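K.L.:
One structure follows; several queries about it will come next.
Every read-out reported here was derived from the displayed coordinates using simple, explicitly stated rules and does not represent laboratory data. Nothing here was measured: the structure is a model prediction, and the numbers come from that model. Every residue, glycine as well, gets a Cβ built from its backbone with ideal geometry; the counts of neighbours run over all protein chains shown.
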Amino acid sequence: KQRPVEGYGFDTFWTARRIDVVSDEVHWGVAAAHSGYIELLLMGGIVSLLLHTIVLVLALWRGVRAYDKHKAPVFAFAASVFAMYLVSGVLESALIVRVSSVSFYLAMCLALLCISGDGAQRHTAIHEVTPEEQSPIVALS
């Protein structure tokens, strides 16, 4: 039974039986889709694939915009991580299926872009702290 909308569940498609069937069909040993996007489609269906891709594209766009506006290298790094992840997902599934250092950097860059907003000037080399920005603990000392 095909399940294009909801997928088959996390890490449940590639059973021993399916590996044998697909391997026999293509005449070589297959244990994964070798594409992060196909793996996402198998695991979570179209919904998962669309949400994942939209979040990455929006994060890339926001990283480029933040770098363009503030010229802080951290935003260029974030944008390049998202671009690398989007491109490598075409030919590699390990980045999406397995937790790795790339997954960690991706999460940190996404967090940076989510919390930065218009206050991204905090990440530039020189920023003068105004009294309103000081925490109560700093203001007391």
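K.L.:
So for the pair Val47, Lys69, with labels modelled 7 Å out along Cα→Cβ, what separation do we get in nm?
P.N.:
3.2
K.L.:
Next question, about the same structure. Along each principal axis of its Cα atoms, how long is segment 30-99 end to end? Whole angstroms, biggest number first, please.
P.N.:
45, 21, 17
K.L.:
Count charges around Val30 for me, please; just the other residues with Cβ under 15 Å from its Cβ, Lys/Arg as +1, Asp/Glu as -1.
P.N.:
That sum, taken over residues with Cβ under 15 Å, equals -3.
K.L.:
Could I ask something else about it? Would you tally the net charge around Arg98, using a Cβ to Cβ cut-off of less than 12 Å, leaving Arg98 out, and scoring K and R as +1, D and E as -1?
P.N.:
Within the 12 Å Cβ shell, the charges total -3.
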